[in-house]
Amino acid sequence: MELLCGEVDPVRRAVPDPNLLYDDRILQNLLTIEERYLPQCSYFKCVQKDIQPYMRRMVATWMLEVCEEQKCEEEVFPLAMNYLDRFLAGVPTPKSHLQLLGAVCMFLASKLKETIPLTAEKLCIYTDNSITPQELLEWELVVLGKLKWNLAAVTPHDFIEHILRKLPQPTDKLPLIRKHAQTFSALCATDFKFAMYPPSMIATGSVGAAICGLQQDEDVSSLTFDALTDLLAKVTNTDVDCLKACQEQIEAVLLSSLQQFREEQRESGKEEEELDQASTPTDVRDIDL
Amino acid sequence: MSDARQIPCSSKVCRRLFGPVDDEQVRRDCDALMASCLKEACDRWNFDFVTETPLEGNYVWERVHGLGLPKFYRPSGPWGGHDDLGGGKRPCPSTVLLQGTSQGDHVDLSLSCTLVSHSPERPEVSPSGSSAPQGRKRGQTSMTDFYHSKRRLVYCKRKP
(Lines give C-alpha, C1' and ligand atoms only; values in the text may rest on other atoms or scores of the structure.)
Protein backbone atom coordinates (compact mmCIF):
# COMPACT_ATOMS: atom_id res chain seq x y z
CA MET A 1 0.00 0.00 0.00
CA GLU A 2 1.22 3.42 -0.84
CA LEU A 3 0.64 6.50 1.16
CA LEU A 4 0.13 9.55 -0.90
CA CYS A 5 1.25 12.66 0.84
CA GLY A 6 0.48 15.76 -1.10
CA GLU A 7 -0.98 19.10 -0.33
CA VAL A 8 -4.33 19.34 -1.98
CA ASP A 9 -5.42 22.83 -2.72
CA PRO A 10 -9.10 22.97 -1.82
CA VAL A 11 -9.57 26.23 -3.65
CA ARG A 12 -10.69 26.03 -7.23
CA ARG A 13 -9.53 28.85 -9.39
CA ALA A 14 -10.82 30.00 -12.71
CA VAL A 15 -8.34 29.96 -15.55
CA PRO A 16 -7.21 33.39 -16.76
CA ASP A 17 -9.91 34.71 -18.99
CA PRO A 18 -8.53 35.86 -22.37
CA ASN A 19 -11.63 38.00 -22.84
CA LEU A 20 -10.58 40.03 -19.84
CA LEU A 21 -6.86 40.04 -20.48
CA TYR A 22 -6.59 40.47 -24.22
CA ASP A 23 -9.08 43.24 -24.60
CA ASP A 24 -7.57 46.66 -24.30
CA ARG A 25 -10.84 48.20 -23.17
CA ILE A 26 -10.46 46.50 -19.80
CA LEU A 27 -7.14 48.22 -19.16
CA GLN A 28 -8.52 51.53 -20.34
CA ASN A 29 -11.55 51.20 -18.08
CA LEU A 30 -9.38 50.35 -15.10
CA LEU A 31 -7.28 53.43 -15.80
CA THR A 32 -10.40 55.56 -16.02
CA ILE A 33 -11.96 54.45 -12.76
CA GLU A 34 -8.91 53.87 -10.55
CA GLU A 35 -8.85 57.40 -9.14
CA ARG A 36 -12.31 56.94 -7.66
CA TYR A 37 -10.98 54.49 -5.15
CA LEU A 38 -8.09 56.53 -3.83
CA PRO A 39 -8.38 57.83 -0.26
CA GLN A 40 -9.85 61.32 -0.27
CA CYS A 41 -6.97 62.98 1.52
CA SER A 42 -3.64 62.47 3.17
CA TYR A 43 -5.39 61.64 6.40
CA PHE A 44 -2.51 61.87 8.85
CA LYS A 45 -2.46 65.59 8.18
CA CYS A 46 -6.12 66.39 8.06
CA VAL A 47 -8.25 63.72 9.77
CA GLN A 48 -6.44 61.55 12.27
CA LYS A 49 -5.27 62.85 15.63
CA ASP A 50 -4.36 59.68 17.47
CA ILE A 51 -2.95 57.54 14.68
CA GLN A 52 0.60 57.99 13.38
CA PRO A 53 2.10 56.71 10.13
CA TYR A 54 4.17 54.11 11.99
CA MET A 55 0.96 52.65 13.43
CA ARG A 56 -0.41 52.20 9.94
CA ARG A 57 2.75 50.32 9.08
CA MET A 58 2.32 48.13 12.17
CA VAL A 59 -1.24 47.19 11.34
CA ALA A 60 -0.36 46.73 7.66
CA THR A 61 2.52 44.41 8.50
CA TRP A 62 0.27 42.40 10.76
CA MET A 63 -2.40 42.19 8.06
CA LEU A 64 0.17 41.04 5.51
CA GLU A 65 1.38 38.35 7.91
CA VAL A 66 -2.17 37.12 8.51
CA CYS A 67 -2.82 37.00 4.76
CA GLU A 68 0.43 35.12 4.21
CA GLU A 69 -0.18 32.65 6.97
CA GLN A 70 -3.72 32.03 5.78
CA LYS A 71 -2.51 31.79 2.19
CA CYS A 72 -5.02 34.35 1.06
CA GLU A 73 -5.29 35.27 -2.59
CA GLU A 74 -2.84 37.96 -3.62
CA GLU A 75 -5.51 40.63 -4.03
CA VAL A 76 -6.87 40.36 -0.50
CA PHE A 77 -4.15 42.30 1.25
CA PRO A 78 -3.95 45.32 -1.09
CA LEU A 79 -7.73 45.47 -1.25
CA ALA A 80 -8.00 45.41 2.54
CA MET A 81 -5.45 48.23 2.73
CA ASN A 82 -7.51 50.21 0.26
CA TYR A 83 -10.55 49.86 2.54
CA LEU A 84 -8.49 50.82 5.57
CA ASP A 85 -7.12 53.96 3.92
CA ARG A 86 -10.48 55.04 2.57
CA PHE A 87 -12.08 54.58 5.97
CA LEU A 88 -9.32 56.45 7.78
CA ALA A 89 -9.53 59.28 5.24
CA GLY A 90 -13.06 59.94 6.46
CA VAL A 91 -13.36 58.82 10.05
CA PRO A 92 -11.13 59.96 12.94
CA THR A 93 -10.19 56.73 14.68
CA PRO A 94 -8.41 56.08 17.98
CA LYS A 95 -5.40 53.84 17.75
CA SER A 96 -7.04 51.24 20.00
CA HIS A 97 -9.53 50.56 17.19
CA LEU A 98 -6.94 50.25 14.47
CA GLN A 99 -6.40 46.51 14.70
CA LEU A 100 -10.14 45.91 14.79
CA LEU A 101 -10.43 48.02 11.66
CA GLY A 102 -7.63 46.09 9.97
CA ALA A 103 -9.37 42.80 10.79
CA VAL A 104 -12.68 44.08 9.42
CA CYS A 105 -10.99 45.20 6.19
CA MET A 106 -9.40 41.77 5.72
CA PHE A 107 -12.75 40.15 6.47
CA LEU A 108 -14.43 42.17 3.73
CA ALA A 109 -11.65 41.84 1.16
CA SER A 110 -11.47 38.11 1.74
CA LYS A 111 -15.20 37.72 1.25
CA LEU A 112 -15.04 39.66 -1.96
CA LYS A 113 -12.09 37.82 -3.46
CA GLU A 114 -11.91 34.31 -2.04
CA THR A 115 -13.72 31.06 -2.55
CA ILE A 116 -13.23 30.15 1.09
CA PRO A 117 -13.11 33.44 2.97
CA LEU A 118 -11.48 34.09 6.32
CA THR A 119 -13.86 33.60 9.22
CA ALA A 120 -14.60 36.16 11.89
CA GLU A 121 -13.48 33.75 14.61
CA LYS A 122 -10.13 33.20 12.97
CA LEU A 123 -9.48 36.91 12.56
CA CYS A 124 -10.32 37.46 16.22
CA ILE A 125 -7.77 34.85 17.23
CA TYR A 126 -5.19 36.71 15.20
CA THR A 127 -5.86 39.80 17.27
CA ASP A 128 -5.02 37.69 20.31
CA ASN A 129 -8.73 37.84 21.10
CA SER A 130 -8.60 41.55 21.78
CA ILE A 131 -11.81 41.79 19.73
CA THR A 132 -14.87 39.55 19.59
CA PRO A 133 -16.58 38.15 16.47
CA GLN A 134 -19.64 40.18 17.43
CA GLU A 135 -17.65 43.41 17.39
CA LEU A 136 -16.11 42.42 14.08
CA LEU A 137 -19.54 41.88 12.51
CA GLU A 138 -20.91 45.14 13.85
CA TRP A 139 -17.92 47.09 12.62
CA GLU A 140 -18.22 45.38 9.29
CA LEU A 141 -21.49 47.25 8.80
CA VAL A 142 -19.92 50.50 9.91
CA VAL A 143 -17.05 50.14 7.46
CA LEU A 144 -19.41 49.11 4.67
CA GLY A 145 -21.56 52.14 5.36
CA LYS A 146 -18.61 54.51 5.36
CA LEU A 147 -17.24 52.98 2.16
CA LYS A 148 -20.75 53.32 0.71
CA TRP A 149 -20.71 49.59 -0.06
CA ASN A 150 -18.24 50.37 -2.76
CA LEU A 151 -15.92 47.42 -2.37
CA ALA A 152 -14.78 46.53 -5.86
CA ALA A 153 -11.83 48.90 -5.67
CA VAL A 154 -9.03 48.92 -8.22
CA THR A 155 -5.66 47.83 -6.82
CA PRO A 156 -2.18 47.55 -8.38
CA HIS A 157 -2.80 43.82 -8.74
CA ASP A 158 -5.48 44.45 -11.31
CA PHE A 159 -2.91 46.01 -13.62
CA ILE A 160 0.02 43.63 -13.33
CA GLU A 161 -1.29 41.04 -15.77
CA HIS A 162 -2.23 43.69 -18.30
CA ILE A 163 1.21 45.24 -18.10
CA LEU A 164 3.06 41.93 -18.38
CA ARG A 165 1.12 41.09 -21.48
CA LYS A 166 2.46 44.14 -23.28
CA LEU A 167 6.10 43.35 -22.59
CA PRO A 168 8.38 41.51 -24.99
CA GLN A 169 9.74 39.26 -22.22
CA PRO A 170 10.16 35.56 -22.91
CA THR A 171 7.12 33.78 -21.50
CA ASP A 172 9.15 31.46 -19.29
CA LYS A 173 10.37 34.48 -17.31
CA LEU A 174 6.91 35.88 -16.73
CA PRO A 175 5.93 33.86 -13.64
CA LEU A 176 9.04 35.06 -11.81
CA ILE A 177 8.55 38.66 -12.88
CA ARG A 178 4.88 38.45 -11.89
CA LYS A 179 5.70 37.06 -8.49
CA HIS A 180 8.23 39.77 -7.75
CA ALA A 181 5.97 42.52 -9.05
CA GLN A 182 3.16 41.28 -6.80
CA THR A 183 5.48 41.27 -3.82
CA PHE A 184 6.61 44.80 -4.55
CA SER A 185 3.10 46.13 -4.84
CA ALA A 186 2.14 44.41 -1.58
CA LEU A 187 5.15 46.07 -0.01
CA CYS A 188 3.96 49.43 -1.33
CA ALA A 189 0.62 48.90 0.42
CA THR A 190 2.42 48.73 3.76
CA ASP A 191 3.97 52.15 3.23
CA PHE A 192 1.79 55.22 3.49
CA LYS A 193 3.79 57.21 0.98
CA PHE A 194 2.26 55.10 -1.78
CA ALA A 195 -1.31 55.36 -0.50
CA MET A 196 -2.19 58.33 -2.69
CA TYR A 197 -0.47 57.05 -5.83
CA PRO A 198 -2.67 55.70 -8.59
CA PRO A 199 -2.62 51.88 -8.49
CA SER A 200 -1.55 51.76 -12.15
CA MET A 201 1.60 53.68 -11.32
CA ILE A 202 2.45 51.38 -8.42
CA ALA A 203 1.88 48.37 -10.65
CA THR A 204 4.00 49.80 -13.44
CA GLY A 205 6.78 50.74 -11.03
CA SER A 206 6.63 47.29 -9.44
CA VAL A 207 6.97 45.53 -12.77
CA GLY A 208 9.86 47.82 -13.68
CA ALA A 209 11.58 47.21 -10.35
CA ALA A 210 11.02 43.47 -10.69
CA ILE A 211 12.59 43.31 -14.13
CA CYS A 212 15.52 45.53 -13.18
CA GLY A 213 16.14 43.51 -10.02
CA LEU A 214 16.02 40.18 -11.82
CA GLN A 215 18.10 41.44 -14.72
CA GLN A 216 21.17 41.52 -12.51
CA ASP A 217 21.17 37.76 -12.16
CA GLU A 218 19.73 36.51 -15.37
CA ASP A 219 18.64 37.77 -18.71
CA VAL A 220 14.96 38.54 -18.33
CA SER A 221 14.74 41.52 -20.59
CA SER A 222 16.09 42.36 -23.98
CA LEU A 223 15.35 46.03 -23.50
CA THR A 224 17.62 48.68 -22.08
CA PHE A 225 16.49 50.35 -18.88
CA ASP A 226 15.31 53.45 -20.68
CA ALA A 227 13.50 51.55 -23.41
CA LEU A 228 11.76 49.45 -20.76
CA THR A 229 10.69 52.50 -18.78
CA ASP A 230 9.35 54.17 -21.91
CA LEU A 231 7.39 51.11 -22.85
CA LEU A 232 5.98 50.67 -19.35
CA ALA A 233 5.02 54.32 -19.15
CA LYS A 234 3.18 54.03 -22.43
CA VAL A 235 1.18 50.98 -21.34
CA THR A 236 -0.45 52.72 -18.38
CA ASN A 237 -0.21 56.33 -19.64
CA THR A 238 2.12 57.20 -16.78
CA ASP A 239 4.53 60.11 -17.00
CA VAL A 240 8.06 58.73 -17.52
CA ASP A 241 9.64 60.84 -14.79
CA CYS A 242 6.91 59.97 -12.29
CA LEU A 243 7.38 56.34 -13.13
CA LYS A 244 11.11 56.51 -12.62
CA ALA A 245 10.64 58.27 -9.28
CA CYS A 246 8.06 55.70 -8.23
CA GLN A 247 10.33 52.82 -9.18
CA GLU A 248 13.19 54.34 -7.20
CA GLN A 249 10.94 54.69 -4.17
CA ILE A 250 9.87 51.08 -4.48
CA GLU A 251 13.50 49.97 -4.64
CA ALA A 252 14.32 52.08 -1.59
CA VAL A 253 11.43 50.62 0.42
CA LEU A 254 12.45 47.14 -0.64
CA LEU A 255 16.02 47.72 0.43
CA SER A 256 15.04 49.03 3.84
CA SER A 257 12.62 46.21 4.47
CA LEU A 258 15.28 43.67 3.49
CA GLN A 259 17.69 45.27 5.94
CA GLN A 260 15.05 45.26 8.62
CA PHE A 261 14.34 41.62 7.94
CA ARG A 262 17.99 40.66 8.19
CA GLU A 263 18.23 42.42 11.53
CA GLU A 264 15.19 40.60 12.82
CA GLN A 265 16.65 37.36 11.58
CA ARG A 266 19.85 37.96 13.44
CA GLU A 267 17.87 38.63 16.61
CA SER A 268 15.77 35.50 16.41
CA GLY A 269 17.59 32.96 14.32
CA LYS A 270 15.63 29.99 15.52
CA GLU A 271 12.25 31.20 14.42
CA GLU A 272 13.41 31.05 10.85
CA GLU A 273 11.97 27.67 10.01
CA GLU A 274 8.54 28.67 11.08
CA LEU A 275 8.67 31.84 9.06
CA ASP A 276 9.63 30.07 5.88
CA GLN A 277 6.19 28.56 5.50
CA ALA A 278 4.81 31.85 4.40
CA SER A 279 4.17 31.84 0.70
CA THR A 280 1.74 34.49 -0.42
CA PRO A 281 2.50 37.14 -1.34
CA THR A 282 6.02 36.14 -2.19
CA ASP A 283 8.43 36.75 0.59
CA VAL A 284 10.51 39.78 0.09
CA ARG A 285 13.33 37.98 1.69
CA ASP A 286 13.92 35.50 -1.06
CA ILE A 287 14.54 38.29 -3.47
CA ASP A 288 18.11 39.27 -4.02
CA LEU A 289 18.91 42.65 -5.32
CA MET B 1 -13.37 23.91 13.06
CA SER B 2 -13.80 22.20 9.74
CA ASP B 3 -11.88 24.96 8.04
CA ALA B 4 -9.16 24.17 5.55
CA ARG B 5 -6.92 26.87 6.91
CA GLN B 6 -6.24 26.17 10.56
CA ILE B 7 -4.54 28.65 12.81
CA PRO B 8 -1.59 27.65 14.83
CA CYS B 9 -2.50 29.56 17.97
CA SER B 10 1.09 29.79 19.03
CA SER B 11 1.73 31.66 15.81
CA LYS B 12 3.60 34.88 16.37
CA VAL B 13 1.11 36.52 14.04
CA CYS B 14 -1.52 36.21 16.82
CA ARG B 15 -0.80 39.40 18.64
CA ARG B 16 -2.36 42.50 20.05
CA LEU B 17 -0.90 45.58 18.42
CA PHE B 18 -2.00 48.56 20.45
CA GLY B 19 -2.62 47.37 23.97
CA PRO B 20 -5.98 46.82 25.61
CA VAL B 21 -9.19 47.50 23.70
CA ASP B 22 -11.99 49.18 25.61
CA ASP B 23 -15.12 47.19 24.70
CA GLU B 24 -17.37 50.00 25.90
CA GLN B 25 -15.70 52.53 23.66
CA VAL B 26 -15.78 50.13 20.71
CA ARG B 27 -19.52 49.78 21.20
CA ARG B 28 -20.13 53.50 21.66
CA ASP B 29 -18.13 54.41 18.58
CA CYS B 30 -19.85 51.70 16.59
CA ASP B 31 -23.27 53.04 17.53
CA ALA B 32 -22.26 56.61 16.78
CA LEU B 33 -20.84 55.69 13.36
CA MET B 34 -23.86 53.55 12.56
CA ALA B 35 -26.07 56.51 13.43
CA SER B 36 -24.06 58.74 11.13
CA CYS B 37 -24.39 56.19 8.30
CA LEU B 38 -28.15 56.27 8.84
CA LYS B 39 -28.09 60.04 8.84
CA GLU B 40 -26.20 60.08 5.54
CA ALA B 41 -28.65 57.63 4.01
CA CYS B 42 -31.50 59.72 5.36
CA ASP B 43 -30.08 62.90 3.80
CA ARG B 44 -29.32 61.22 0.53
CA TRP B 45 -32.73 59.63 0.05
CA ASN B 46 -34.81 62.06 2.11
CA PHE B 47 -36.26 59.10 3.91
CA ASP B 48 -36.12 58.25 7.58
CA PHE B 49 -35.10 54.60 7.54
CA VAL B 50 -35.69 54.17 11.25
CA THR B 51 -39.29 55.28 11.38
CA GLU B 52 -39.93 54.54 7.70
CA THR B 53 -41.22 58.00 6.93
CA PRO B 54 -40.60 59.97 3.77
CA LEU B 55 -39.13 63.43 4.31
CA GLU B 56 -38.97 66.58 2.21
CA GLY B 57 -36.41 66.47 -0.57
CA ASN B 58 -35.46 65.42 -4.08
CA TYR B 59 -37.38 62.19 -4.00
CA VAL B 60 -41.07 61.59 -3.80
CA TRP B 61 -41.83 58.42 -1.93
CA GLU B 62 -44.97 56.40 -2.37
CA ARG B 63 -46.16 53.14 -0.96
CA VAL B 64 -46.39 50.22 -3.34
CA HIS B 65 -48.57 47.25 -2.49
CA GLY B 66 -48.37 43.78 -3.86
CA LEU B 67 -45.10 44.25 -5.65
CA GLY B 68 -44.52 40.56 -5.69
CA LEU B 69 -41.02 40.77 -4.31
CA PRO B 70 -39.32 37.46 -3.73
CA LYS B 71 -39.37 36.43 -0.12
CA PHE B 72 -35.62 36.88 0.01
CA TYR B 73 -35.92 40.66 -0.01
CA ARG B 74 -38.46 40.89 2.77
CA PRO B 75 -36.85 41.33 6.13
CA SER B 76 -38.38 38.93 8.59
CA GLY B 77 -35.98 38.76 11.53
CA PRO B 78 -33.78 41.39 13.09
CA TRP B 79 -31.20 40.66 10.37
CA GLY B 80 -33.60 39.74 7.63
CA GLY B 81 -34.64 36.22 6.81
CA HIS B 82 -31.75 35.06 4.69
CA ASP B 83 -31.24 31.58 6.04
CA ASP B 84 -31.51 30.04 2.60
CA LEU B 85 -28.37 31.77 1.41
CA GLY B 86 -26.05 29.94 3.72
CA GLY B 87 -24.38 33.21 4.68
CA GLY B 88 -26.68 33.40 7.69
CA LYS B 89 -26.34 36.71 9.41
CA ARG B 90 -25.23 38.95 6.56
CA PRO B 91 -27.87 41.58 5.94
CA CYS B 92 -28.32 43.32 2.64
CA PRO B 93 -28.05 47.10 2.59
CA SER B 94 -31.74 47.74 2.65
CA THR B 95 -32.31 45.58 5.68
CA VAL B 96 -29.40 47.25 7.39
CA LEU B 97 -31.13 50.52 7.02
CA LEU B 98 -34.37 49.00 8.13
CA GLN B 99 -33.08 47.32 11.23
CA GLY B 100 -34.69 48.44 14.43
CA THR B 101 -38.09 48.95 12.91
CA SER B 102 -41.13 46.87 13.56
CA GLN B 103 -40.98 44.04 11.07
CA GLY B 104 -44.61 43.10 10.75
CA ASP B 105 -45.74 45.36 7.95
CA HIS B 106 -42.99 44.60 5.47
CA VAL B 107 -44.61 41.64 3.87
CA ASP B 108 -45.76 42.46 0.38
CA LEU B 109 -45.16 46.10 0.90
CA SER B 110 -42.46 48.26 -0.47
CA LEU B 111 -41.75 51.85 -1.28
CA SER B 112 -40.88 53.38 -4.55
CA CYS B 113 -39.37 56.77 -5.03
CA THR B 114 -39.07 59.14 -7.93
CA LEU B 115 -36.66 61.96 -8.39
CA VAL B 116 -38.40 65.30 -8.74
CA SER B 117 -36.90 68.44 -10.11
CA HIS B 118 -37.08 71.64 -8.11
CA SER B 119 -36.30 73.94 -10.98
CA PRO B 120 -39.52 75.63 -12.19
CA GLU B 121 -38.50 75.47 -15.88
CA ARG B 122 -38.57 71.69 -15.83
CA PRO B 123 -41.80 70.62 -14.26
CA GLU B 124 -41.71 67.18 -15.86
CA VAL B 125 -39.05 64.68 -15.06
CA SER B 126 -38.94 61.45 -16.93
CA PRO B 127 -39.45 58.49 -14.67
CA SER B 128 -36.20 56.97 -15.83
CA GLY B 129 -34.45 59.94 -14.29
CA SER B 130 -31.78 59.93 -16.98
CA SER B 131 -32.56 63.49 -17.99
CA ALA B 132 -33.00 64.87 -14.50
CA PRO B 133 -30.65 67.76 -13.77
CA GLN B 134 -29.60 66.41 -10.36
CA GLY B 135 -29.81 62.91 -11.67
CA ARG B 136 -26.18 62.63 -12.66
CA LYS B 137 -25.36 60.14 -9.96
CA ARG B 138 -28.87 58.79 -9.73
CA GLY B 139 -29.47 56.36 -12.52
CA GLN B 140 -31.44 54.43 -9.98
CA THR B 141 -34.77 56.00 -9.40
CA SER B 142 -36.82 53.48 -7.57
CA MET B 143 -36.22 50.88 -4.97
CA THR B 144 -37.40 48.25 -7.43
CA ASP B 145 -34.50 49.07 -9.74
CA PHE B 146 -32.33 48.57 -6.76
CA TYR B 147 -33.85 45.23 -6.00
CA HIS B 148 -33.42 44.05 -9.54
CA SER B 149 -29.77 44.87 -9.63
CA LYS B 150 -29.25 43.20 -6.28
CA ARG B 151 -30.95 40.11 -7.46
CA ARG B 152 -28.77 39.84 -10.52
CA LEU B 153 -25.67 40.04 -8.41
CA VAL B 154 -26.80 37.26 -6.16
CA TYR B 155 -27.46 34.93 -9.05
CA CYS B 156 -24.15 35.68 -10.73
CA LYS B 157 -22.30 34.87 -7.55
CA ARG B 158 -23.93 31.50 -7.25
CA LYS B 159 -22.93 30.32 -10.69
CA PRO B 160 -20.35 27.57 -10.45
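The values are calculated or read from the model by the stated rules, or taken from the named source; none is laboratory data. Everything quoted here is computed from the prediction, not taken from an experiment. FYI the Cβ positions are ideal-geometry reconstructions off the backbone, even for glycines, and counts take in every protein chain you see. Surface areas here come from the heavy atoms of the whole protein model, side chains and all, with no ligands, DNA or RNA. Shrake-Rupley method; radii C 1.70, N 1.55, O 1.52, S 1.80 Å.
Here the spin labels are modelled as points 7 Å beyond Cα on the Cα-Cβ line, and at B:ASP43 and A:GLN134 they lie 3.2 nm apart. Take each residue of peptide A:115-125, count the partner chain Cβ atoms within 10 Å of its Cβ, and average: the result is 2. Carbon and sulfur atoms: what percent of the 1.4 Å accessible area of chain A do they account for? Whole-percent figure for carbon plus sulfur exposure: 52. Taking each of A:LYS146/A:LYS193; A:LYS113/A:LYS166; A:LYS45/B:LYS39; A:LYS45/A:LYS179 in turn, the alpha-carbon distance tops 29 angstrom for A:LYS45/A:LYS179. The slack between B:SER11 and B:PHE72, meaning 0.36 nm per residue of separation minus the straight C-alpha distance, is 17.9 nm. Between the residues A:TRP149, A:PRO170, A:ILE125, the greatest Cα displacement towards the positive end of the dipole of segment A:114-222, with unit charges on the Cβ of Lys, Arg, Asp and Glu, is found for A:PRO170. For A:ALA245 and A:ARG165, what is the calculated FRET efficiency with R₀ set at 25 Å and r taken between the beta-carbons, to the nearest 0.05? Once rounded, the FRET efficiency stands at 0.50.
Once backbone amide H atoms are built at 1.01 Å from N, B:VAL64 has B:SER110, B:LEU111, B:SER112 as its partners under 5 Å, excluding neighbours fewer than 5 places away on the same chain.
Put simply, chains A and B cover up around 3700 Å² of each other's accessible surface, both sides summed, when a 1.4 Å probe is used. Protein-only accessible surface at a 1.4 angstrom probe places the residues A:LYS122, A:LYS193 in the order A:LYS193, A:LYS122, largest first. Computed over chain A, the per-residue total of -39500 (n - 2.57) for DSSP H runs of n ≥ 4 gives a 222 nm mean residue ellipticity of -18500 deg cm²/dmol, rounded to 500.
Remark on B:ASP48: its backbone amide H falls under 5 Å from those of B:THR53, B:LEU55, a criterion applied only to residues 5 or more positions apart or on other chains, H modelled at 1.01 Å from N.
Here the Karplus relation 6.51 cos²θ - 1.76 cosθ + 1.60, evaluated at θ = phi - 60°, turns the backbone of segment A:58-68 into coupling constants of 4, 5, 5, 4, 4, 4, 4, 5, 4, 4, 5 Hz, with x for every Gly and Pro. Give me the base-10 log of I(q)/I(0) for segment A:148-251 at each q in 0.17 Å⁻¹, Debye formula, one uniform scatterer per Cα, rounded to two decimals. Listed by q, the Debye log ratios stand at -0.69. For the residues of B:17-29, the average number of beta carbons from a partner chain within 10 Å of their own beta carbon is 6. The residues of chain A expose, per residue, 48 Å² of accessible area to a 1.4 Å probe.
Amide H to amide H, with H built 1.01 Å from N, B:TYR59 comes under 5 Å of B:VAL116, counting only residues 5 or more places away or on other chains. Peptide A:60-67 has a mean shielding of 2, counted as Cβ atoms of other protein chains within 10 Å of each residue's Cβ. Annotation for A:VAL15 and A:THR224: the two label points, set 7 Å from Cα along the Cα-Cβ direction, are 4.1 nm apart. Applied to segment B:17-26, the Karplus parametrisation 6.51 cos²θ - 1.76 cosθ + 1.60 on θ = phi - 60° returns per-residue 3J(HN,Hα) values of 8, 10, x, x, 10, 7, 4, 4, 5, 4 Hz, with x for Gly and Pro.
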